[in-house]
Every structure is written in structure tokens, then in C-alpha cells.
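The values are calculated or read from the model by the stated rules, or taken from the named source; none is laboratory data. A quick note: this is a predicted structure, and the numbers were derived from the prediction, not measured. Glycine gets a Cβ as well: all are built from the backbone with ideal geometry, and neighbour counts include every protein chain shown. For accessibility, only protein heavy atoms count, side chains too; no ligands or nucleic acids. Shrake-Rupley method; radii C 1.70, N 1.55, O 1.52, S 1.80 Å.
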Amino acid sequence: MRLQAPLPPSADMDPDEVARPVLAVGLELVTGGLELDVHTHRKAQLFYMRRGELTCEASNALWLVPPQSALWIPGGTPHRLKGRAPLEGLSLFVEPEAIATLPRECCAVSVSPLLRELLSRAEELPPLYPLHGRESRLVTVLLDELAAARVEELRLPMPTDARLRRLAEWLLAHPGDGATLQQCAKRVGLGERTLNRLLVQDTGMSFGRWRQRLHIILALQWLTRGASVQSVAIDLGYESASSFVTMFRKALGTSPARYITRRLEFARADG
């Protein structure tokens, strides 16, 4: 089934109450933006993006869902969503006991051509599809393929310490600012070593690694929108496009242009 906005199927059909292993709901946002405050579902949820971008905050982390990737959210996990048009994809609600090997924590996963096709087929199923026969076999294969999906490094840990959270939100709003660790520490009334120690305790990352991950996530957002590598490098405060490309290649194993081209090619094939 398909909706014109990323909302529950209808007021009288709560996805958590649909008695089937999976429920696939197509999502489409033609204009404007999307912002859903913190909420939870009993069922696990997979957000798969065909086009556009979706940002989700869950499990003390910020997640980017670029085209041809998906975000897995286990049942009962509070999460907040933001997106902007044009946006197209689907939300797959999964019964927690449907398969034991599904991830127990939030994670971004790569969508293979087979998984992509299975998700599209699941979207065509009626909410109360037959529990035996072709439909149930398709769902079984879909869940097996989902359990085998490759995890992608698109997670930005968000600190819980109020001072670090304030700094993280400032850096999100001003990613191109070249403030040093010392300058950032001073802004929140901490010493350099204290800030770094607290950030490692809270997120598992040093200040340098955290800010690099932030830059990668924002770069993927902007590149997906069609921004050039040059403009992204400038907006993130790099001295040159080549220095930005070097950082990106070390982090993700390929250049920004190749990474985005591969995803756009998948998106065109999917359309």
C-alpha cells in the first residue's frame, strides 16, 4: 500500500495491530518537509529510501538514510524523524518475533538488488495477505535477505552530557567552522582533555573522529541533493576539494563522486 506522506496507514489501521509478520507501507513526500517528534512502535521498522533523504535520531545517535539504503529500528525504540521533499520510499513494519536473527540495535543497512525487489513486491501485498502460499513465501525470503543485509557506517553518536550535547548541536548547525578542540572546549567551559575524555566515554569517539563522522554524514546529505564536491568541501570548511576527497575515501573506501553515482544508478534502475 502507498501513502502520500510518511504517516501511519490510517487512523483505523495501526501498523502495530496488523496481525501479519510484515506490513509494507509506501511513502511519498512531493513538497515541503517532514518532522515527526519522538515516538515508538511495538513492531520493528525498516525505513527504505528510493529517492531523497531521511534523518533519524534514535539510540543516542543521528542516522542518515540516503537513497538505496535503509535504517533498521528495533521495536520499542524511541525515534525522531526529519525529511525533505522530494522523498520516496517505504516503511516496513516487522513483528519482533518474525525472525530471531534480525538486528537487536538500530543500524543502517545496504539494500541489495534482491532485497530492493522483495521490498517492492511486499509493498503490493494487501495488509492482511494470506498466511499460506505465495505471499507468505515471499515474506519469508524478504526477512531472510533483510537479516543478511550489510551494515553501513552511517551512525553519528550523539552525547547525552548536556555540555557535550550543546556543543554537538552547535557543530551540526555550523559544520564549516574551523574551531579547534581547545576553542570548542572553551565554549562549553571544559578543558581539552576533559572534553575529549567525556566525549569518548559518551560516544566511543574522540573529538576528531566525531567531527569527521559528522562531516561524512552531512556530505552524503548534500551530495544526494545534487551539490558538487567542491561546494561541499567549502561548506564543511576544507581548504580544498582534494583534502575533502582524501578524508572521504579513507572513511568510506571510495570517492564521493563514485559513492553517489552508484546510489543514483541504483535509484534509476529502481524507478
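In segment 120-144, the residues that are under 17 Å from Gly89 (Cβ atoms) and without any contact (Cβ under 8 Å) to a residue 60 or more places away in the chain reach residues that are open to solvent by less than 30 Å² (accessible area, probe 1.4 Å) and of a type outside the set (D, E, K, R) with C-beta atoms within less than 6 angstrom, at least six apart or across chains, in these pairs: Arg121/Leu138.
Step by step: first the residues of segment 94-114, then only those that are in contact with a Lys or Arg (Cβ under 8 Å, 6 or more places away or on another chain) and over 22 Å from Met49 (Cβ atoms), then the one that is most open to solvent (accessible area, probe 1.4 Å). Which residue is that? This residue is Pro96. Only one of the numbered conditions (1) more than 26 Å from the chain's Cα centre (by Cα); (2) within 27 Å of Ala70 (Cα to Cα); (3) among the small types (Gly, Ala, Ser) is not met by Ala185, and that is (2). The set of residues from segment 209-228 being at pLDDT 90 or above, open to solvent by 50 Å² or more (accessible area, probe 1.4 Å) and in a helix (DSSP H, G or I) comprises Arg209, Gln212.
Of everything listed in (1) open to solvent by less than 20 Å² (accessible area, probe 1.4 Å); (2) more than 28 Å from Arg225 (Cα to Cα), the single unmet condition for Ala122 is (2). Among the strands (runs of 3 or more DSSP E) confined to segment 22-123, the ones with at least 1 residues that are out of contact with any Ser or Thr (no Cβ under 8 Å at 6 or more places or on another chain) and of a type in the set (Lys, Arg) are located at 44-58, 79-94. Selection of segment 1-19 for residues being touching a Ser or Thr at 6+ places or on another chain (Cβ under 9 Å) and either modelled with pLDDT of 90 or more or part of a helix (DSSP H, G or I) (or both) yields only Pro15. Among the residues that make up segment 58-68, is at least one of them among the β-branched types (Val, Ile, Thr), at pLDDT below 90 and open to solvent by less than 10 Å² (accessible area, probe 1.4 Å)? The answer is yes, given that some residue of segment 58-68 is among the β-branched types (Val, Ile, Thr), at pLDDT below 90 and open to solvent by less than 10 Å² (accessible area, probe 1.4 Å). The single residue among Leu154, Leu143, Leu92, Leu87 that is at pLDDT 95 or above and within 30 Å of Thr31 (Cα to Cα) turns out to be Leu92. Just for segment 37-57: of the residues that are within 26 Å of Arg211 (Cα to Cα) and either more than 12 Å from the chain's Cα centre (by Cα) or among the β-branched types (Val, Ile, Thr) (or both), which one is most open to solvent (accessible area, probe 1.4 Å)? Here the answer is Asp37.
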